[in-house]
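J.: Got a structure for you, questions after.
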Amino acid sequence: MISIAPQAFFFDFDGVIVDSEALHLETANLALAPHDLALDHAEYFESLFGLDDKQLFSHAFTQNRRELDKNTLKNLMQAKQQFFLEAFTQNIPVIDGVLDLIFKLHQKGIDLAVVSGALEKEIQVALKTLQIKDYFHFIIAADHVEKSKPDPASYQLAFTKMKKIKPELNKTDVWVLEDSPHGIESAKGADLNVIAITNSQPKEKIKMADAVIEDYREINISAQS
């Protein structure tokens, strides 16, 4: 159990709100298939998940000593997103317990945002379908920054935007919920507090977070300081 008194709370998306990591791998490989390339399942869950599509496709080509031009990358990203949305909209796999946490934070007046390496359209579809879009002030997605996670740019931008909404906000008042080492590195690089949940990785792989939990009910929201 961890007790926190946040003024703002940032959620990662894949692996935190929705159980979509395996679907990202599957649809990335569908897009790569015409190029006779594929991302390895074990490697993906060991070190690649949490990266954005651009980084995944660049990795696939680099590992096979192949050149990846901008047009091919663009086509790969479009194909992957189409495959992903077709599957995703049929069944959005929300992670057990996360909706209750979102509702609890909202009821306590804590300002929320989504900060993700996914594309904005994918996040928007899920939040609207799950009827939770209005709980979040804004979304920071991979298409909003030049460098996605593990670079701290996403969380730096999120803090800047939230501070415009809440001018008295300090970084110590912000908590982040992540599931991947890349996401934790990004948030810690922006000097934010991080809770990691073992949805995608065992405790030992995400122990660099300020706290590690196995269930969202382990987060106790106390009175704001």
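J.: Would you mind finding the one in Val18, Val98 that is in contact with a Pro (Cβ under 7 Å, 6 or more places away or on another chain) and of a type in the set (A, V, I, L, M)? Don't jump to the end; show me each part of the working.
T.: On the way: Val98 fails: in contact with a Pro (Cβ under 7 Å, 6 or more places away or on another chain).
None of the other options fit; the residue is Val18.
J.: Within segment 154-177, track down each residue that is in contact with a Ser or Thr (Cβ under 8 Å, 6 or more places away or on another chain) and either within 18 Å of Gly50 (Cα to Cα) or part of a strand (DSSP E or B) (or both).
T.: From segment 154-177, those in contact with a Ser or Thr (Cβ under 8 Å, 6 or more places away or on another chain) are 154-155, 173; that's our starting set.
The answer is Ser154, Tyr155.
J.: Of all the residues that make up segment 1-57, how many are more than 17 Å from Ile95 (Cβ to Cβ), hydrophobic (A, V, I, L, M, F, W, C) and buried (at least 23 other Cβ atoms within 10 Å of the Cβ)?
T.: 5
J.: Something else about it: Find the residue count for segment 89-108, including only residues that are without any contact (Cβ under 8 Å) to a residue 60 or more places away in the chain and either on the phi > 0 side of the Ramachandran plot or assigned to a helix (DSSP H, G or I) (or both).
T.: Final tally of qualifying residues: 4.
J.: Check off (1) of a type in the set (S, T, N, Q); (2) in a helix (DSSP H, G or I); (3) out of contact with any helix residue (DSSP H, G or I) (no Cβ under 6 Å at 6 or more places or on another chain) for Ser3 and give me the number that stays unchecked.
T.: In the conditions (1) of a type in the set (S, T, N, Q); (2) in a helix (DSSP H, G or I); (3) out of contact with any helix residue (DSSP H, G or I) (no Cβ under 6 Å at 6 or more places or on another chain), Ser3 misses (2) alone.
J.: Looking only at segment 203-213, decide whether some residue is in contact with a His (Cβ under 9 Å, 6 or more places away or on another chain) and crowded, with 20+ Cβ neighbours inside 10 Å. Full working, then the answer.
T.: If we filter segment 203-213 for residues that are in contact with a His (Cβ under 9 Å, 6 or more places away or on another chain), which is where we start, we get none.
No.
J.: With the structure loaded, tell me whether Ala223 is small (Gly, Ala, Ser) and at pLDDT 95 or above or whether it fails that test.
T.: Details: small (Gly, Ala, Ser): yes; at pLDDT 95 or above: no.
So Ala223 fails the test.
J.: Next question. With of a type outside the set (Val, Ile, Thr), under 14 Å from the mean Cα position of the chain (by Cα), surrounded by fewer than 21 Cβ atoms within 10 Å (Cβ to Cβ) and not in a strand (DSSP E or B) as the only criterion, which of Glu146, Glu86, Glu185, Glu122 stands out? Step through it out loud before you land on a result.
T.: Details: Glu146 fails: under 14 Å from the mean Cα position of the chain (by Cα); Glu86 fails: under 14 Å from the mean Cα position of the chain (by Cα); Glu122 fails: surrounded by fewer than 21 Cβ atoms within 10 Å (Cβ to Cβ).
Result of the check over Glu146, Glu86, Glu185, Glu122: Glu185.
Residues checked against (1) within 25 Å of Ala190 (Cβ to Cβ); (2) in contact with a Ser or Thr (Cβ under 9 Å, 6 or more places away or on another chain); (3) aromatic (Phe, Trp, Tyr):
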| site | (1), (2), (3) |
| --- | --- |
| Ile2 | yes, no, no |
| Asp12 | yes, yes, no |
| Ala22 | no, no, no |
| Glu26 | no, no, no |
| Leu30 | no, no, no |
| Leu39 | no, no, no |
| Ala42 | no, no, no |
| Phe61 | no, yes, yes |
| Asn71 | no, no, no |
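The values are calculated or read from the model by the stated rules, or taken from the named source; none is laboratory data. Quick caveat: nothing in here was measured; it's all calculated off a predicted structure. Cβ sites come from the backbone with ideal geometry, for glycine too, and all protein chains shown count toward neighbours.
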